[in-house]
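Right, one structure below, let's go through it.
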Amino acid sequence: MSMLLVWPILLPMLTAIATVLCRAKVDTAHWMTLVGAALHLAAAVALLAAVHEGRILAVQMGGWPAPFGITLVADAFSAVMVLITAVIHSAVMVYSRRDIDPDQVRAGYYVFMQILAAAVCGAFLTGDLFNLYVWFEVMLMASFGLLVMGRRRAQLTGGIKYVTLNLVSTLLFLAVIGLIYGMTGTLNMADLHGKIALVPHPPLVTAAAMLLMVAFGIKAALFPLFFWLPAAYPTLPAAVAAFFSGLLSKVGVYAMIRMFTLVFTADAGVTHHTILFTVAGFTMVFGVISAAAQMEMRRILSFHIVSQIGYMVLGLSLMTPLALTGAIIYLLHNILAKSNLFLAGGLVRQAAGSFHLDRVGGIYNNYGLLSIGFLVSALALAGMPPLSGFWAKLLVIQATLESRHYAMALVAAAVGLLTLFSMIKIWAEVFWKPAPPPADAHQAPEGRRKLSAWMLAPMLALAGITLVMGLAMEPVIRFAEIAAGQLLDPRAYVTAVLEGMP
Amino acid sequence: MEGVLALLVGLVFAASIYLMLSGVLVKFVFGFALASNAVNLLIFTAGRLEHDRPPLIPVGAETPVGPTANALPQALILTAIVIGFAMLTFLMVLLYRTYAETDTLDADDPRLMDETPADDDDHGDGSVPQEGGRS
């Protein structure tokens with residue numbers, strides 16, 4: 001039973017070790033990672049089945065009782081995040097088979113991806129603050145490797161911004177860990193839930209919470225701290241960009257939701273309702289306006305990552321059951337839709353040879369399946385009914401209205417409209433516009449290029465999941481309600497972790 | 001004693017932030033190294049200082065006798081030092097490679113701040129430089 005919590009971390013780690021050993025044999029590495037990803041998916045499904053109906057699993061690593069040892073915990077929120085990680089991981093692994101050069105595989109592409117998947121799952125499952133820091137560092141190190149793998153100039157200069165800002169973020173995180181440990185004497189999150197209230201000077205706790213908000217804000221690409229993201233993500237290969245955009249910044253959002261529902265709730269008037277609320281609004285607006293000015297597909301999508309993060313943080317800042325339900329659904333829907341748009345972007349380049357809106361066109365005439373896959377994800381992202389994004393936006397905006405923040409609800413709706421504008425822009429330029437004449441005269445105009453099924457299939461599968469999620473929303477909402485209930489009333493979480501404690 | 005160390009942590013932080021904001025990336029590396037040490041010192045101080053009482057369990061006993069120094073912050077710091085060292089190494093290699101590509105490490109230089117993504121049109125021509133021995 002307890003191993004259920006370990007498999008989602010252990011399996012990608014084992015696959016990583018296996019692929020290190022045979023990374024020179026590209027074909028073997030491909031198959032190995034596909035098997036590893038399938039096993040990872042199975043482990044994640046098993047974990048979700050085990051926490052179904054609101055059960056919470058906890059296991060103490062190494063047999064040290066909480067709060068002294070490292071705890072792994074899975075509540076509904078963690079488990080569903082692990083599942084979505086495994087889904088994206090599997091899709092990206094299938095996609096990588098054609099998208100990634102054999103040279104990069106030999107350089108260790110699969111190894112880094114597997115370690116990244118393990119670290120993301122570790123961050124979702126850990127119940128210990130210092131352990132969360134370690135998973136963040138593992139994640140960073142693997143992402144650094146992937147980021148500079150192609151060694152092009154843009155990758156290096158984009159990489160510098162990503163690396164430096166994220167290093168500052170982890171330093172701040174580590175400083176907060178020191179401060180919290182000094183105040184409470186514990187780093188176990190469930191234990192902190194009780195002990196943080198006993199700190200004699202509550203403003204000190206708020207100060208630490210703010211520092212942590214900045215640290216996670218850099219990771220999640222919140223408003224004044226998001227500049228690294230649009231600089232770095234567009235330089236990545238499509239498969240890597242899909243994984244990064246879907247999951248890396250969302251780990252920051254997850255950590256923020258976890259810490260600001262479980263531990264730092266005492267001063268919610270300042271931390272949640274004022275600061276996070278304002279920051280969420282600015283994040284939505286700045287992201288979407290910056291995106292509107294771009295003419296390169298990956299840069300448009302990167303700015304939309306930032307804008308969408310705003311909705312999730314808005315859900316967190318309101319701290320009502322409905323708002324958190326909306327935030328969780330938004331997180332799930334956005335991971336699927338956003339990753340898929342990057343996968344579709346890679347396919348567009350394969351079909352037309354560029355990411356620039358000016359240089360491509362006519363995809364709709366020649367590539368029907370790709371067009372459908374893109375359109376489903378793009379409309380879901382913009383929030384068209386009946387797709388998943390519509391329900392997610394509806395819940396968040398409804399929660400905003402219920403909290404009587406009418407102006408913010410208006411902003412959220414307007415940002416949705418601008419998202420639609422950007423998506424329609426890509427659709428009109430890339431898919432509907434007739435293909436422009438080739439830039440080089442010597443390059444003969446070619447007909448329909450064949451798209452690789454290895455790349456097309458995962459893109460269509462993710463679009464299908466987005467579609468099904470939108471059409472069958474009721475069980476998803478019910479599950480998210482359970483998860484939100486557990487976040488707002490963490491007694492069951494605390495009991496599950498500390499039950500063996502004297 | 002904790003008070004003195006707390007002031008020192010503040011001082012080192014101030015110096016490191018000054019270096020990090022200087023706009024020259026080599027100075028950022030020094031700032032980062034200083035800041036990691038400041039954070040380590042912070043964790044160490046937060047664990048409360050104890051003089052001359054090592055956390056050792058006497059022969060035959062199950063638990064330490066009387067108050068001892070707190071061993072946990074030292075374990076945390078050890079982890080943080082190892083990770084920080086790896087990050088520092090990576091950062092230096094990254095800067096070295098970037099300098100080799102762009103001839104500059106000045107954060108205000110347009111060659112470094114240029115955000116136009118790699119012009120990787122024309123799929124599969126294999127023009128991406130792939131040298132052996134990555135970092």
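The values are calculated or read from the model by the stated rules, or taken from the named source; none is laboratory data. Because the structure is a prediction, the values reported are computed rather than measured. Cβ coordinates were reconstructed from backbone atoms using ideal geometry, including for glycine residues, and neighbour counts include every protein chain displayed.
Assorted remarks:
- The condition (being assigned to a helix (DSSP H, G or I), surrounded by fewer than 23 Cβ atoms within 10 Å (Cβ to Cβ) and away from chain B (no Cβ under 14 Å)) is satisfied by just one residue among A:L381, A:L417: A:L417.
- Within the set A:A117, A:A175, the sole residue that is more than 13 Å from chain B (Cβ to nearest Cβ) and either under 30 Å from A:A492 (Cα atoms) or at pLDDT 95 or above (or both) turns out to be A:A117.
- Flag if A:S143 is over 25 Å from A:A215 (Cβ atoms) and either surrounded by 24 or more Cβ atoms within 10 Å (Cβ to Cβ) or in contact (Cβ under 8 Å) with a residue 60 or more places away in the chain (or both): no
Listed here are the residues, each with its yes/no results for (1) at pLDDT 90 or above; (2) outside any helix (DSSP H, G or I); (3) among the aliphatic types (A, V, I, L, M); (4) touching a strand residue (DSSP E or B) at 6+ places or on another chain (Cβ under 7 Å).
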position: A:T28; (1), (2), (3), (4): no, no, no, no
position: A:A37; (1), (2), (3), (4): yes, no, yes, no
position: A:H40; (1), (2), (3), (4): yes, no, no, no
position: A:A43; (1), (2), (3), (4): yes, no, yes, no
position: A:L47; (1), (2), (3), (4): yes, no, yes, yes
position: A:G69; (1), (2), (3), (4): no, yes, no, yes
position: A:A86; (1), (2), (3), (4): yes, no, yes, no
position: A:H89; (1), (2), (3), (4): yes, no, no, no
position: A:Y95; (1), (2), (3), (4): yes, no, no, no
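Here's the yes/no breakdown for (1) part of a helix (DSSP H, G or I); (2) of a type in the set (D, E, K, R); (3) over 19 Å from A:N334 (Cα atoms):
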site: A:F374; (1), (2), (3): yes, no, no
site: A:S377; (1), (2), (3): yes, no, no
site: A:P385; (1), (2), (3): no, no, no
site: A:V396; (1), (2), (3): yes, no, no
site: A:P436; (1), (2), (3): no, no, yes
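- Selected residue (criterion: farthest from A:L451 (Cα to Cα)) from residues of the range A:74-112 that are within 14 Å of another protein chain (Cβ to nearest Cβ) and among the aromatic types (F, W, Y): A:F112
- Criterion violated by A:S143 - all others in (1) assigned to a helix (DSSP H, G or I); (2) at the interface with chain B (Cβ under 9 Å from one of its Cβ atoms); (3) closer than 29 Å to B:D103 by Cβ satisfied: (2)
- When residues of the range B:31-60 are limited to those that are of a type in the set (A, V, I, L, M, F, W, C) and over 17 Å from B:A80 (Cα atoms), the one nearest to the other protein chains (Cβ to nearest Cβ): B:L49
- Whichever residue in the range A:181-202 is assigned to a helix (DSSP H, G or I) and without any contact (Cβ under 8 Å) to a residue 60 or more places away in the chain and, among such residues, is nearest to the other protein chains (Cβ to nearest Cβ): A:G182
- When the range A:146-161 is filtered for residues that are of a type in the set (V, I, T) and free of Cβ contacts under 8 Å to residues at least 12 places away in the same chain, the ones remaining, listed by number, are A:V148, A:I160.
- Where A:A231 falls short, out of the listed (1) within 14 Å of chain B (Cβ to nearest Cβ); (2) surrounded by 24 or more Cβ atoms within 10 Å (Cβ to Cβ); (3) not basic (K, R): (2)
- Across the range A:178-187, the number of residues qualifying as crowded, with 24+ Cβ neighbours inside 10 Å and of a type in the set (A, V, I, L, M, F, W, C) comes to 1.
- Near pairs, Cβ below 9 angstrom, 6+ apart or cross-chain, from the range A:336-359 (over 11 Å from A:F374 (Cα atoms) and within 11 Å of another protein chain (Cβ to nearest Cβ)) to any residue that is hydroxyl-bearing (S, T, Y) and surrounded by fewer than 21 Cβ atoms within 10 Å (Cβ to Cβ): A:Q350/A:S452
- When B:I83, B:I57 are checked against the criterion of being touching a helix residue (DSSP H, G or I) at 6+ places or on another chain (Cβ under 6 Å) and within 24 Å of A:G185 (Cβ to Cβ), a single residue qualifies: B:I83.
- Subset of the range A:225-252 (residues that are under 14 Å from A:Q308 (Cβ atoms) and among the small types (G, A, S)): A:S245, A:G246, A:S249, A:G252
So that you can scan it fast, the table gives a plain yes or no per residue for (1) basic (K, R); (2) modelled with pLDDT under 90; (3) touching a Ser or Thr at 6+ places or on another chain (Cβ under 8 Å); (4) surrounded by fewer than 24 Cβ atoms within 10 Å (Cβ to Cβ):
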residue: A:A239; (1), (2), (3), (4): no, no, yes, no
residue: A:L247; (1), (2), (3), (4): no, no, yes, no
residue: A:K250; (1), (2), (3), (4): yes, no, no, no
residue: A:V253; (1), (2), (3), (4): no, no, no, no
residue: A:M256; (1), (2), (3), (4): no, no, no, no
residue: A:M259; (1), (2), (3), (4): no, no, no, yes
residue: A:L262; (1), (2), (3), (4): no, no, no, yes
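- Residues that are within 17 Å of A:V163 (Cβ to Cβ) and in contact with a Phe, Trp or Tyr (Cβ under 7 Å, 6 or more places away or on another chain), drawn from the range B:1-41: B:L19, B:M20, B:A35
- Single condition B:Y96 does not satisfy, out of (1) among the hydroxyl-bearing types (S, T, Y); (2) surrounded by 15 or more Cβ atoms within 10 Å (Cβ to Cβ); (3) assigned to a helix (DSSP H, G or I); (4) more than 9 Å from chain A (Cβ to nearest Cβ): (2)
- Of everything in the range A:154-167 that is facing another protein chain (nearest Cβ under 7 Å) and within 20 Å of the chain's Cα centre (by Cα), the residue that is farthest from A:F216 (Cα to Cα) is A:G159.
- Restricted to the range B:44-70, and to residues there that are exposed (fewer than 13 other Cβ atoms within 10 Å of the Cβ) and of a type in the set (G, A, S), the residue that is farthest from B:L8 (Cα to Cα) is B:G60.
- Which numbered condition A:H272 misses (of (1) buried (at least 24 other Cβ atoms within 10 Å of the Cβ); (2) in contact with a Leu (Cβ under 9 Å, 6 or more places away or on another chain); (3) at pLDDT below 90): (1)
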